[in-house]
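Asks: Dumping the structure here so I can ask a few things about it.
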Amino acid sequence: MDLKSIIGRCTVCGTETTKTCSRCKTVFYCGAEHQKADWKRHSKTACFPCVEEVNETLGRHLVVTRDIAAGDKIFAEGPMITSPFSPCQCGDPSTSYKGHLLCLGCCKYVGERKEGQFTCRKCGWTLCSPNCEEAKNHFEFECDIFAQNNIRPPDNGFLLGGIDLLVLRVLLLKVKVKQPEKWAKICKLKGISIPSLIDISMKELAGTLKFLRDGCHLSQKEFPDDLIIKIYGIVMHNSVGRCECKFTGIGGISQWGIYEKSRFIAHSCVGNTITIRNEEKNEEALFATQNIPSGTVLTKRFDYETIMWMGIVERRAHLNKKFDFWCNCEKCKEPYDELGTYCSAMKCSAVVKNKGKKCQGYLLPRKNERSKNDPPGKTEDNWQCNTCGGMKSYSKCLSKIYNKEEQDIDHLVQHGDLAALVAMHEDPGTSVLHPNHCLLMKLQYHIINKIVERVLLGVYYSQTELTWLLKKLESLATKSLKVVEVLCPGHMAERAHLLIFIWISLNTIVPEHSEDPNSAYQKCLVAHQLAKEGAAILKKMQYDLHYVIDELVESLLNK
């Protein structure tokens, strides 16, 4: 049925109309003016595409109520409460609030410390302009407390670190600022448990307590220790840090924020959504990376930039330490082959009986060992070969191999040139890892990016060198794409970049110069269509573009 032929009544004035909300297509409006007038109510009720559900495994989470197509924006929201992101990542973290200053009003980077910078006339803290002196974020929260207790930056011994100021601002919602609705929403959020706090952040918690008690003089009566510890755990678990000043310079926002809806998105090491930040609006938009059928749980990859290069043992331990849960998503659960990619598998070195040859199989966490009585982390310690059935302990043997390979690769990534990276990638010593192992994928990622920079910037000395670079680029990008299609499917930046990189490798050499020009030309045409798909993904999802391909993306979309 043609939706345009259905007649309804405007939900604001009752006028007959065929126009509906373009997102949900269920509510009628006579025009844009009445839709805009009803948007605040409509966007939070009928048009919001998710409902909140609760279960023992995921806790509070969001489930979509209608089919969502890959690339669609699901919702966008600004933070309920913010504070400057400290330590600021635009330079040496130890210089935060000494040499690299953030406005307490709008959380923008205001540059190096120098005379004549604007400061709050009441508390003396750095602000970017007189407008921020009156910003509710500052004067309704800590300004009076800082002034009364003579908390001055940075020589009074109370250097704001980590989430201290955000914890203070959340606590002040209860009494000073008096925003009961917001206070209630934050108190309902899941926090890091006391045992986990003891394991990972007692030193930081002690520093926060010292700041709040000795610095701000918050009373034990109004703010008992158990309340502060609860809020500290909630802030630790739910705050999202964003540091943009290292990319944008002065004026870039660098802040902690707590979000109402996006914190209920469940974790999956594959995920079906991704969060994209809009600096101008100071909001985060959630996009679907795959087609998401109605009734599906929304998931995203927590701390993705850290866990993407981790093996299954290290990844699950990291998530448990930071977020207080053991991941059992589709990538982490049995049969532990990570959706058939073997991204954590290691070569079996056992000698096969009666043949005198080394086994060619791979070691994976042993199946069917998960027991309700065992700690979840224990299930990955016994690894078994998928060919000969031999067993090895991960903690006693394989972890040492993993740690050495990781250290060697990280050192090269930081300090090595392209030749050194390629030499390590081709070193027979790395064959102890499966070809798709996450550490080798990390190495390939950095090789690919260095090659793309050299090709597009013209940093090569001969046609022979260029040909070698392009063949290596095609080989590694094609190999990486096979894994990425499984672990980063759909509208993910990793996949989009690889589609463009493969086209670069095929398009730079004229097909007529190849051994089979017709086949090369057809291959290039297919690659070009995939590259256009990749460019469209990058554009639609508002991903940050690699500086050497930003113009290339635009040209692909315009051809």
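The values are calculated or read from the model by the stated rules, or taken from the named source; none is laboratory data. Since the model is a prediction, treat every value here as computed from it, not as a measurement. With ideal geometry, Cβ positions are generated from the backbone for all residues, glycine too; neighbour counts draw on all protein chains shown. Accessible surface areas use protein heavy atoms only, side chains included; no ligands, DNA or RNA. Shrake-Rupley method; radii C 1.70, N 1.55, O 1.52, S 1.80 Å.
Asks: Excluding ligands and nucleic acids, what accessible area in Å² is computed for Glu330 using a 1.4 Å probe, to the nearest 10?
Replies: Taking all protein chains as shown, Glu330 has close to 80 Å².
Asks: Moving on. Dipole magnitude of the stretch 415-558 about its Cα centre, charges +1 at Lys/Arg Cβ and -1 at Asp/Glu Cβ only, in debye to the nearest 20?
Replies: In total the dipole reaches around 320 debye.
Asks: How do 530-543, 403-416, 57-70 rank on mean C-beta neighbours within 10 Å, highest first?
Replies: 530-543, 57-70, 403-416
Asks: What is the gain in length, in nm to one decimal, between Glu134 and His411 on full extension, counting 0.36 nm per residue of separation less the C-alpha to C-alpha distance?
Replies: 95.0 nm
Asks: On a C-alpha basis, how far is the centre of the stretch 291-333 from the centre of the stretch 411-472 in Å? Whole number, if you could?
Replies: Spelled out, the Cα-based centre of one part sits 28 Å from the other.
Asks: Would you please name the chymotrypsin sites (Phe, Trp or Tyr not before Pro) within the stretch 392-454 that are DSSP coil residues with at most 12 other C-beta atoms within 10 Å of their C-beta?
Replies: Here no chymotrypsin sites (Phe, Trp or Tyr not before Pro) fit, given the DSSP loop and packing criteria.
Asks: Using the structure shown, list the pairs from Lys122/Lys210; Lys108/Lys539; Lys174/Lys261; Lys36/Lys176; Lys108/Lys300 with a Cα-Cα distance above 30 Å, or answer none.
Replies: Where the Cα-Cα span goes over 30 Å, the pairs concerned are Lys36/Lys176.
Asks: Could you calculate the FRET efficiency of Val486 with Arg121 from 1/(1 + (r/R0)^6), where r is the beta carbon distance between them and R0 is 60 Å, rounded to 0.05?
Replies: Using R0 = 60 Å, I get an efficiency of 0.55.
Asks: Let me ask something else. Taking 0.36 nm per residue of separation and subtracting the Cα-Cα distance, what length does fully extending Arg41 through Gln542 add?
Replies: Here the segment from Arg41 to Gln542 would lengthen by 177.7 nm.
Asks: What distance in nm lies between label points placed 7 Å from Cα along the C-beta direction at Met391 and Glu279?
Replies: It is 5.5 nm.
Asks: Quick one: if you stick a label point 7 Å off each Cα along the C-beta vector at Tyr460 and Arg213, how many nm between them?
Replies: 6.4 nm
Asks: Can you give the accessible area of Thr341, probe radius 1.4 Å, in Å² rounded to 10?
Replies: 10 Å²
Asks: Roughly what would the spin-label model give for Glu16 and Lys176, points 7 Å off Cα along C-beta, in nm?
Replies: 5.9 nm
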